[in-house]
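Engineer: A single structure is presented below for examination.
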Amino acid sequence: MVPPWQFTYWQWLSLVLAAPVVVYGGWPFHRAAAINLRHGAATMDTLVSLGTLAAFGWSLWALFLGDAGMPGMTHPFSLTASAGDAIYLEAAAGVTTFLLAGRYLEARGEAARRGTRCGRLLELGAKTVTVVRGGTEHQIPAADLHVDEVFLVRPGEKVATDGVVTDGASAIDASLLTGEPVPVEVRRATR
């Protein structure tokens, strides 16, 4: 759209470059707008879809039915409206690209926040566990605990993983598993 860069048939190259951005890249906006309109709602996606398709549609009309498709056509750089067929492919592609970049950055930020929250949640878990092997107690890292291995949880200790109480009764901190902020009473199930 910069006048010194406009060569013969530049407008057709602009169409070829803008069409995939507006149609394919903007598909999430167009799809969401169609779904919302079927339900009688209008959202930001409706506004984006309507704006980009209007700019793209006008540009198509100007290129194919107006004078904008003629060889040697120039598009002056002006902040005011002028007579003649103008094309707005850069507006349609620019708005779509800008909003897709915003969604991408938002998703990356959310993933980073989610990762931080998961990391904090994992820090709440038990780091070590007392297992019973060969009739004796051993303190091992919680990551080394095996399936069907018997481990001890003393009153007030954090539970390393989920399991079944095989002997005794106690109040344990099961907040990592259940979300309960207070100790939970557990006991061996009677048959």
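The values are calculated or read from the model by the stated rules, or taken from the named source; none is laboratory data. These numbers were taken from a predicted model, which means no experiment stands behind them. Cβ atoms come from the backbone with ideal geometry, glycine included; neighbour counts cover every protein chain shown. Surface areas here come from the heavy atoms of the whole protein model, side chains and all, with no ligands, DNA or RNA. Shrake-Rupley method; radii C 1.70, N 1.55, O 1.52, S 1.80 Å.
Engineer: Here are labelled values, (1) -0.49, -1.03, -1.15; (2) -0.67, -1.01, -1.08; (3) -0.55, -1.10, -1.23, and one is the computed log10 I(q)/I(0) by the Debye sum over Cα atoms at q = 0.11, 0.16, 0.17 Å⁻¹ for what I pasted. Which one?
Structural biologist: So the structure-derived entry is (2).
Engineer: Between Ala126, Leu63, Ala169, whose Cα lies farthest towards the positive end of the dipole of the chain when Lys and Arg beta carbons carry +1 and Asp and Glu beta carbons carry -1, centred on the Cα centre?
Structural biologist: Checking the options against the dipole of the chain, the answer is Ala169.
Engineer: Taking 7 Å along the Cα-to-C-beta vector as the label spot, tell me the Thr190-Val147 distance in nanometres, rounded to one decimal.
Structural biologist: That separation, rounded to one decimal, is 3.2 nm.
Engineer: Show me 31-40, 46-55 ranked by packing, highest mean number of other Cβ atoms within 10 Å first.
Structural biologist: Going from most to least packed, we get 46-55, 31-40.
Engineer: Mind giving me the nanometre distance, one decimal, between the label points for Thr130 and Ala42, set 7 Å out from Cα along Cα→Cβ?
Structural biologist: If labels sit at Thr130 and Ala42, their model points lie 6.8 nm apart.
Engineer: Still on this structure: Taking loop as defined by DSSP and a crowding limit of 12 other beta carbons within 10 Å, which chymotrypsin sites (Phe, Trp or Tyr not before Pro) in region 1-47 fit?
Structural biologist: Qualifying residues, ordered by number: Phe7.
Engineer: Size of the dipole of the chain about the Cα centre, Lys and Arg at +1 and Asp and Glu at -1 on the beta carbon, nothing else charged, in debye to 20?
Structural biologist: 180 debye
Engineer: Assuming R0 = 30 Å, can you tell me the calculated FRET efficiency for the pair Val16 and Ala112, based on Cβ-Cβ distance, to the nearest 0.05?
Structural biologist: The value I calculate is 0.25.
Engineer: How much of the accessible area of region 88-191, in percent, comes from carbon and sulfur atoms when a 1.4 Å probe is used? All intermediate terms of the calculation are to be shown ahead of the outcome.
Structural biologist: Values: 4490 of 7710 Å².
Reported share for carbon and sulfur atoms: 58 percent.
Engineer: Something else now. With a 1.4 Å probe and every protein chain left in place, work out the accessible area per residue of region 135-189 in Å², rounded to a whole number.
Structural biologist: Result: 74 Å² of accessible area for each residue.
Engineer: Please determine, in degrees from 0 to 90 and to the nearest 10, the orientation of helix 27-38 with respect to the longest principal axis defined by the Cα atoms of the chain, where the helix direction is its Cα long axis.
Structural biologist: Here the helix axis deviates by roughly 90 degrees.
Engineer: Would you compute, from DSSP H runs of 4+ residues alone, the mean residue ellipticity of the chain at 222 nm, taking -39500 (n - 2.57) per run and dividing by the full residue count, rounded to the nearest 500? Each step should come with its number before you reach the end.
Structural biologist: Numbers: 5 runs with 84 residues, N = 191.
Estimated from H runs of four or more residues: -14500 deg cm²/dmol.
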